[in-house]
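Have a look at the structure below, then the notes.
The values are calculated or read from the model by the stated rules, or taken from the named source; none is laboratory data. Only a predicted model underlies this, so the values are computations on that prediction, with no experimental measurement involved. Positions of Cβ are generated from backbone atoms using ideal geometry, with glycine treated the same way; all protein chains shown enter the neighbour counts.
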Amino acid sequence: MGRRVAIYARVSTEHEAQISALGNQIQYYDEKLKQHPDWTLVERYIDEGITGTSIHKRPNFLRMLKDAESGKFDLIVTREVSRFARNTVDTLQETRKLKKMGVEVYFTEDNIWTFKDDDGELKLTIMATLAQNESKKISQRVKAGQQITFQNGVFYGNGNILGYDKVGKDMVINEEQAKTVRLIFDLYLKGYGSKKIKYELEKLGRVTSTGLNRWSESYIIRVLRNSFYCGTIVYRKQFVPDYLEQKHKKNNGEVEQVIVEGRHTPIISKEVFEKVQEKLKDNAKLIVSSNTSRGIGNRGKESIWGKKLVCKCGSSFNRKIYHKHKDGNTWCYQCYKQIQTGTIQTRLNKGLSIEGICDSKMIPEWKLNMMSQRIFDTIWKDKDVILEITNNYLDNAIKKINDEDDPNELDLLRKRKDNINGKLNRLLDSYLNEIISKDDFVEKRKELEKEIKDVNELITELEKKPVAKNTLIDKLNSLKKNIEVNLNFDKDRISDELIDALVKKIIVFNNRFEWKLNIYDKMEEEEDSTILIAKFVFTKDDIQRYTKENNILVKKYEEFYVDLYI
């Protein structure tokens with residue numbers, strides 16, 4: 001009986017970077033196919049220029065596993081265990097999964113068949129362990145090479161440092177940007193804070209290393225803390241704790257840092273840099289010891305409203321003191337993006353551009369409490385109405401799914417996927433036969449792989465539909481119970497826990513708020529899957545009455561509106 005075959009190849013960057021590496025591997029597999037006339041090639045899965053330490057970084061390997069699950073082939077041919085995986089656990093787990101799917105793996109160089117050999121798994125374990133140890137040795141060799149690099153003061157990174165251009169392996173001063181770096185250090189020593197420096201740079205038209213004319217305080221602080229500007233390089237600010245996972249982690253003392261003098265030209269002196277570091281430390285101590293709300297990081301206690309508020313510009317809100325008085329502080333919320341850029345009025349006062357600046361007003365906390373009281377009082381009175389609206393909404397959703405379900409759509413998508421895979425194979429043949437260049441091959445392959453990804457997402461979505469249809473009625477019955485439980489609260493006691501449970505988010509517009517309730521519990525609803533159930537108008541009289549009852553001082557009474565969604 002013939003075998004439906006998939007070929008898996010991986011061309012790594014470690015020692016196969018030459019242009020012929022891919023062609024050599026394909027030719028190798030073509031010879032294997034000729035030796036087995038009963039084999040039918042279904043598809044080639046090739047990960048090019050990708051590390052083998054973890055399967056999660058290999059998109060075509062993962063695509064192959066998904067196709068195996070759908071029964072597209074029954075045999076995977078790969079050259080050796082080290083091409084398949086360099087992680088013993090990954091190798092054994094994936095071959096066992098494939099075995100359950102009825103898919104055998106043949107490692108040609110290691111002569112291992114995962115079905116035929118009685119001791120196949122033992123052989124596989126030994127070979128996978130050897131491959132994993134090889135990865136470990138490579139990692140150790142890389143680290144040894146890094147030590148030499150450290151000693152020579154060679155710069156690591158993409159070269160995106162304000163004040164420098166990367167020329168080959170060297171960092172060369174960009175004089176125009178270097179003026180900006182010197183200005184930042186000079187202004188800070190003159191007593192300017194990071195926010196004042198930010199405004200000054202924007203006023204002068206200075207730009208960041210990426211050409212942006214909008215600065216942030218965090219960017220400026222990073223410049224002030226960067227010892228590279230005085231000629232010193234600090235290596236191992238990050239490290240990789242697991243050579244198999246290859247995930248970088250911030251170094252908080254787990255690994256010893258290496259500090260050396262670089263071979264680049266400094267922009268500022270060591271004396272200036274040390275003065276700035278001392279000043280940064282002193283300012284940090286002042287912020288920590290200060291009892292005022294001013295200073296970086298002192299925002300007062302965490303509030304439930306900070307978790308729920310979303311600005312119309314998409315940013316979150318920060319809590320800050322609105323008024324100080326003898327009985328305590330009055331709090332408000334300000335758009336975080338606006339805090340970073342400065343308000344429109346602040347920027348106008350400083351002669352700065354206001355293009356793209358958020359114009360949201362600060363929101364006093366009493367206003368949010370006032371809204372919540374009215375909204376929860378309405379919910380408590382109209383529980384039955386809300387339940388009826390919700391049930392009707394879900395019934396309509398069921399009808400919509402039944403109306404839109406097209407049984408032929410899935411077949412058409414699968415045919416389209418097969419068609420694209422055919423194009424990929426023909427493209428590869430054209431490249432191997434030197435009909436097209438490598439650049440054309442890479443560019444066209446990216447386009448086709450994106451098409452496959454998009455089609456796979458549509459297939460996955462459609463395959464889930466029958467499950468969603470079958471379980472929606474059960475979810476509806478469960479939802480009725482959840483709503484009854486969630487809406488059974490004491491209207492005179494609105495706790496943070498209740499707000500957290502029932503309010504999904506509050507979108508802030510100028511003089512209008514959109515409250516979106518979370519009474520669907522944990523159902524998987526789309527973002528726009530909401531319906532308007534109530535509108536509220538808070539008049540000047542309403543505001544005056546509420547603030548008087550709660551002893552809140554308000555200078556200006558402006559009415560506002562609320563839309564309530566579920």
Report, by residue number, each residue of region 395-426 that is under 24 Å from A9 (Cα atoms) and either modelled with pLDDT under 70 or among the hydrophobic types (A, V, I, L, M, F, W, C) (or both).
I420, L424
Can you tell me how many residues within region 257-269 are modelled with pLDDT of 90 or more and surrounded by 14 or more Cβ atoms within 10 Å (Cβ to Cβ)?
3
Among K169, K203, the single one that is exposed (fewer than 14 other Cβ atoms within 10 Å of the Cβ) and either free of Cβ contacts under 8 Å to residues at least 24 places away in the same chain or not assigned by TED's automatic domain parsing to the domain that holds V272 (or both) is K169
Identify the residue in region 546-564 that is of a type in the set (A, V, I, L, M, F, W, C) and at pLDDT 90 or above and, among all such residues, is farthest from V503 (Cα to Cα).
F560
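Yes/no per residue for (1) crowded, with 22+ Cβ neighbours inside 10 Å; (2) out of contact with any strand residue (DSSP E or B) (no Cβ under 8 Å at 6 or more places or on another chain); (3) modelled with pLDDT of 85 or more; (4) of a type in the set (D, E, K, R):
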site: L62; (1), (2), (3), (4): no, yes, yes, no
site: K66; (1), (2), (3), (4): no, yes, yes, yes
site: D74; (1), (2), (3), (4): no, no, yes, yes
site: E80; (1), (2), (3), (4): no, no, no, yes
site: F115; (1), (2), (3), (4): no, no, no, no
site: G120; (1), (2), (3), (4): no, no, no, no
Matching option when the condition is surrounded by fewer than 18 Cβ atoms within 10 Å (Cβ to Cβ) and at pLDDT 80 or above, among K505, K481:
K505
Condition first: within 14 Å of E176 (Cα to Cα) and either part of a loop (DSSP other than H, G, I, E, B) or touching a His at 6+ places or on another chain (Cβ under 8 Å) (or both). Now tell me which residues in region 197-227 satisfy that.
G205, R206, V207, T208, S209, T210, G211
Quick one: count up the residues across region 337-360 that are within 22 Å of K307 (Cα to Cα) and exposed (fewer than 15 other Cβ atoms within 10 Å of the Cβ).
1
Filter region 319-365 down to residues that are charged (D, E, K, R) and in a strand (DSSP E or B) and give me whichever is modelled with the lowest pLDDT.
K324
